[in-house]
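The values are calculated or read from the model by the stated rules, or taken from the named source; none is laboratory data. Quick caveat: nothing in here was measured; it's all calculated off a predicted structure. All Cβ positions, even for glycine, are placed from backbone atoms using ideal geometry, and neighbour counts span all protein chains on display.
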Amino acid sequence: MAEVRLVDIEKKYGSFLAVPQQSLTIEDGEFLVLLGPSGCGKTTTMRMIAGLEDITAGDIQIAGERVNDKPPKDRDIAMVFQNYGLYPHMTVRQNIEYPLKLRKVNKAERARRVQDTADKVELGTLLDRRPSELSGGQRQRVALARAIVRTPKIFLMDEPLSNLDAKLRVTMRAELKHLHHELGVTTVYVTHDQMEAMTLADRVAVMREGRIVQLDTPKRIYSDPADLFVAGFIGSPSMNLIDGAVQDGRFIAEGMDLPVSLPDRDEVVFGIRPEDLELADGDTPIKGRLYALELTGESTLVTMRAGKTSVCARGHADFEAPINAPCHLAPKTGARFYLFDRATGQRLDG
Ligand SMILES: Nc1ncnc2c1ncn2[C@@H]1O[C@H](COP(=O)(O)OP(=O)(O)OP(=O)(O)O)[C@@H](O)[C@H]1O
Ligand SMILES: [Mg+2]
C-alpha cells in the first residue's frame, strides 16, 4: 500500500498545456476518483502516475519515493486502460495470468487465482477465447481481471466500466467497492460518470481543463459545490440553474420570485436541485406551465417552463397532470439553494 503525491506536476504536449501545474496527495488506501468531461486531462494524469507519460515539470512520489525516472514496470502499479490494452495473441486466460507469470507465481496458484478472478468479473466460461473473439464489454472485463488478479501498491483504473451494460456496470461497481474494502489498495479511478464517482469514491477530484476545481468527499461535492461548473456536473437530473437578478432581497426571473440574502445584483444564477422542490398549490414562488413528465420508476420528473425559465422537480411516482396545465413549485422545507456569479461561476452565497 502506498501514498501517491503529485507535486506541482505539469504536462505539455508540444506547446499545448494539457495539465497546468497542480498538486494532489492521494492517501494510503484511499479510493480517489478523477471526474470531469472529455478532454479535461484525466487519462493524462493517470498515465503520468503510471510512468507511461513523461512529466514536463514537478515530482511524482509513491510511498515517499520520487519515481520520476522509474519505468512503469518498477512502480508496482496495476492499470486498466481506457482502450483495454489486451495482448491480442493471448487467450483470456493468458492475458489474466500474465502479471502473475511476470512475478513468478507458481502454476497451481496461478490457475486458482485466474479462475477466481474470472468468476468475479463473470468471464469464467470465456477463458480460452482470444480478445478478437470478445465483445467490447467482455474485453473490458478481461482488462479489469488482469489488473485485479494480483495485489499491487496502486490501482489505476481508466473508465473500467464504461463499455458494460447498465446492469453489469452496477454489479461490477459493487464488486470493485468490495475489493477495495478487502484489499485496501490505494486506487485512482477515472470516470466521467458522476454516479460512479459518488458511489465509489472516498474523495472526488472534479477536473476542468487540466485543473482540479474541487477536491472533496462525495457528500460535500454534492451539497457544497465550489462553483457553477461543479454544481451543474454533479447530480442526476442536474441542478436547476436559472438566470436572473437579485432585487430588494429577492431573486427574480421569469416565473420566479424568491427571498435570498444577497445585495442587489444582475447576472446571477440561482441553483436548486430537483429533489429539493415539491409540487404545491396556490401562490408558490415558482410558477409556470407543465412542460414534460418523465416517470423514472421510483419518482416522476416534472419539468415546468415559464418563458425562458425551465425548472425540473422530482415528484411522486403517481403524479399526473395534462401537459401545459398551470404548474406550481415550491422549495421543500430545509431545501438548499445556491447563488453564482454568471460570468465567473463563483459562489455568491455562503
Ligand atoms: N499525445 C497527445 N498529444 C497531444 N495532445 C494530447 C495527447 N494526448 C492527449 N492530448 C490532449 O490533452 C488533453 C487531455 O487529454 P486526456 O486524454 O487526458 O483527456 P481525458 O480527460 O482522459 O478525456 P476522455 O474522457 O475523453 O478520455 C486533451 O485536450 C487531448 O486532446
Ligand atoms: Mg481519457
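Of note:
Here is a yes/no grid of residues against (1) of a type outside the set (Ser, Thr, Tyr); (2) in contact with a His (Cβ under 6 Å, 6 or more places away or on another chain); (3) surrounded by 13 or more Cβ atoms within 10 Å (Cβ to Cβ):
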residue: Phe270; (1), (2), (3): yes, no, yes
residue: Leu293; (1), (2), (3): yes, no, yes
residue: Arg305; (1), (2), (3): yes, no, yes
residue: Ile323; (1), (2), (3): yes, no, no
residue: Thr333; (1), (2), (3): no, no, no
residue: Phe337; (1), (2), (3): yes, no, yes
residue: Leu348; (1), (2), (3): yes, no, yes
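- Candidate set from segment 12-22 (those that are more than 8 Å from ligand 1 (Cβ to nearest atom) and part of a strand (DSSP E or B)); member that is surrounded by the most Cβ atoms within 10 Å (Cβ to Cβ): Gln22
- Of Leu176, Leu161, Leu127, all but one fail to be assigned to a loop (DSSP other than H, G, I, E, B), under 30 Å from Gly41 (Cβ atoms) and among the hydrophobic types (A, V, I, L, M, F, W, C); the exception is Leu161.
- Qualifying residue in segment 54-77 (condition: within 16 Å of ligand 2 (Cβ to nearest atom), part of a loop (DSSP other than H, G, I, E, B) and among the hydroxyl-bearing types (Ser, Thr, Tyr)): no
- For segment 292-315, a residue qualifies if it is assigned to a loop (DSSP other than H, G, I, E, B) and within 16 Å of Pro237 (Cβ to Cβ), and the qualifying residues are Thr296, Gly297, Glu298, Ser299.
- Lone unmet requirement of (1) more than 23 Å from Ser162 (Cα to Cα); (2) away from ligand 2 (no atom under 16 Å from the Cβ) for Tyr13: (2)
- Among the residues of segment 111-125, some residue qualifies, meaning at least one is in the same structural domain as Lys11 (by TED's automatic domain parsing), at pLDDT 95 or above and surrounded by fewer than 13 Cβ atoms within 10 Å (Cβ to Cβ).
- Among the candidates Thr91, Thr45, Thr25, the residue that is more than 13 Å from ligand 1 (Cβ to nearest atom), over 30 Å from Lys107 (Cβ atoms) and among the polar types (S, T, N, Q) is uniquely Thr25.
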